[in-house]
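Here is the structure we will look at, set down as structure tokens.
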Amino acid sequence: MLSINDKEKLNQDSTLTERYGGILLHPTSLPSKYGIGDLGPGLYKFVDFLYESKLNLWQILPLGPTGYADSPYQSFSAFAGNPMLISLEKLITMELLSEKECETNEPFPDSYVDFGRIIEYKWSLLERAFNEYKKNTSSIIQKEFNNFVNIHKFWLDDFSVFMSIKLENNLRAWIKWEKDLRFYETSAIEDWTKNHESEIEFQKFTQYLFFKQWNEAKEYANKKKIKIIGDIPIFVAYDSVDVWSYPEYYQLDEKRKLKYVAGVPPDYFSETGQRWGNPLYDWDLMKKDDYRWWIQRIKHCFQIVDILRIDHFRGFESYWQIPASEDTAIIGEWKPGPGIDIFRKLQQELGNLAIIAEDLGLITPKVEKLLHDTGYPGMRVLHFAFEEKTEDHANNKFLPHNYNQNSIAYTGTHDNQTTTAWFDDLPKRVKKHILDYTGSDGKDIVGDLIRLIWSSVAKMAVIPLQDLLRLGDEARMNVPGTTSENWKWRFTWEQLNKKFSDDLTSMSLLYGRGKFDK
């Protein structure tokens, strides 16, 4: 058994020994002539921008196939990649598509993603690419594809069957499928697989394309000494292959309907709390199974990213259990999570891991102890340092003078307003407090706040690209608690001028943060 104390914390990852600086940007927000940011030329150009700006971190959101409301935090799979991110330019290079086939009568918008149009457009092209592969199979592609299928069999088989059934059922949730398929009955799954071989192979092929392109992109970034920070939600979506194929791991009734759902209780941000609706884990059963599913999940994540942020980390200490019949999160109770036990097991199986704990929200002494015992860095969001309802300003942990080295500092996150919009909406007295704290004249308050976290002792500092570009609410990525008009924002290359790169280089050199040739 591992000993956990002040001198020997669980996580002693050796890859995070320097000071780092980076940008938060999801691939969907990249420029592309095909309507959505993808794993093609725009990604490589952005990596070049990071390299030229002497940055060494690129943080993204979850990469899974999106379901409800296009949210990357509500994915059909904890393992699969999002086919909408597949680069059409790369498929043209592979001779699976032609440029003419990718042309559209109406150009796509360049400042946002029209998800409804994109999904229909891209699926049809991926089907064409698959048909071309079947007609003119390249021996190299065939070998790569077969190898991919063998390596990822443990999740890929179920996912491909799941998606083929879902598409046949007009994307209806699995809980509304025919009983034998809904209950994952072996004979029904075998019959389906036998009768839908092509549809299932197509799903496997799109995953092969995604991971081929992603691995190439990651290799390019890593060669430029840029680490990629990935992101996973602690909970999975109810309408996911994970719940469908392993229902015993979740708090479901005999009909496989939700008994309880995840969320957070009422606080000063929300009188009714937040009812997320995700299924809750049966942690006792997962422990008996030696957390096998979690070990597979985390191992898979570290094959595609260098550092991993786990959303809602406090749920490992205790989670808010809401009866599924409740419409809000008011009624519920705290239930114990697996605690340090799961992280001991992860370390035993996978070694020391570069994990970031999202430790925002209601953080108790027990949660703080769990974070301390793991040794994982927590998050410090500058916006939260100046909340009106914060009583003890001087001792607020989000103020830079209270940071510790083992943390990652942000101006804001994907859930926040952009810093420009946030500052503009603040009361005058709070604005004055910020100007006094930063010593700013207010002419470029966003730049002054970026400088503040760059100069802090936190070993990692990350800003959303929207803040670097000084954009307002039109560029906000997500409004928590809402289900429309989120995740759409994209930037254009005209917005990202050389001055921003020069400013980042200068700050990183000044504060010893970033990547510089020795």
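The values are calculated or read from the model by the stated rules, or taken from the named source; none is laboratory data. Predicted model, so just to flag it, every value in this text is computed and none were measured. We place every Cβ from the backbone using ideal geometry, glycine too, and count neighbours over all the protein chains shown.
Things to note:
- Condition met for I331 (surrounded by 15 or more Cβ atoms within 10 Å (Cβ to Cβ) and either not small (G, A, S) or not in a loop (DSSP other than H, G, I, E, B) (or both)): no
- Neighbours by Cβ (under 8 Å, 6+ apart or cross-chain): first from the range 86-100, free of Cβ contacts under 8 Å to residues at least 12 places away in the same chain; second surrounded by fewer than 18 Cβ atoms within 10 Å (Cβ to Cβ) and not in a helix (DSSP H, G or I): I92/S98
For every residue, the table says whether it meets (1) assigned to a loop (DSSP other than H, G, I, E, B); (2) among the hydrophobic types (A, V, I, L, M, F, W, C); (3) farther than 29 Å from P279 by Cβ; (4) at pLDDT 95 or above.
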site: N11; (1), (2), (3), (4): yes, no, no, no
site: G21; (1), (2), (3), (4): no, no, yes, yes
site: G42; (1), (2), (3), (4): no, no, yes, yes
site: D48; (1), (2), (3), (4): no, no, yes, yes
site: L63; (1), (2), (3), (4): yes, yes, no, yes
site: P72; (1), (2), (3), (4): yes, no, no, yes
site: M84; (1), (2), (3), (4): no, yes, no, yes
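- Where a residue in the range 444-472 is on the phi > 0 side of the Ramachandran plot and its partner, wherever it lies, is among the aliphatic types (A, V, I, L, M), with Cβ under 7 Å and at least six apart: R470/V446
- Close contacts from the range 127-141, counting a first residue that is of a type in the set (D, E) and a second that is buried (at least 16 other Cβ atoms within 10 Å of the Cβ), with Cβ to Cβ under 8 Å and a gap of 6+ residues or different chains, come to E127/F202; E132/L96; E132/L97.
- Subset of the range 314-328 that is among the polar types (S, T, N, Q) and touching a Phe, Trp or Tyr at 6+ places or on another chain (Cβ under 8 Å) - its residue that is surrounded by the most Cβ atoms within 10 Å (Cβ to Cβ): S318
- Test: residue in the range 379-390 that is exposed (fewer than 15 other Cβ atoms within 10 Å of the Cβ), over 22 Å from the mean Cα position of the chain (by Cα) and under 16 Å from A458 (Cα atoms): no
- Scanning the range 340-377 for residues that are surrounded by fewer than 18 Cβ atoms within 10 Å (Cβ to Cβ) and outside any helix (DSSP H, G or I) returns G351, N352, G361, L362, I363, T364.
- A409 surrounded by fewer than 21 Cβ atoms within 10 Å (Cβ to Cβ), in contact (Cβ under 8 Å) with a residue 40 or more places away in the chain and of a type in the set (A, V, I, L, M, F, W, C): no
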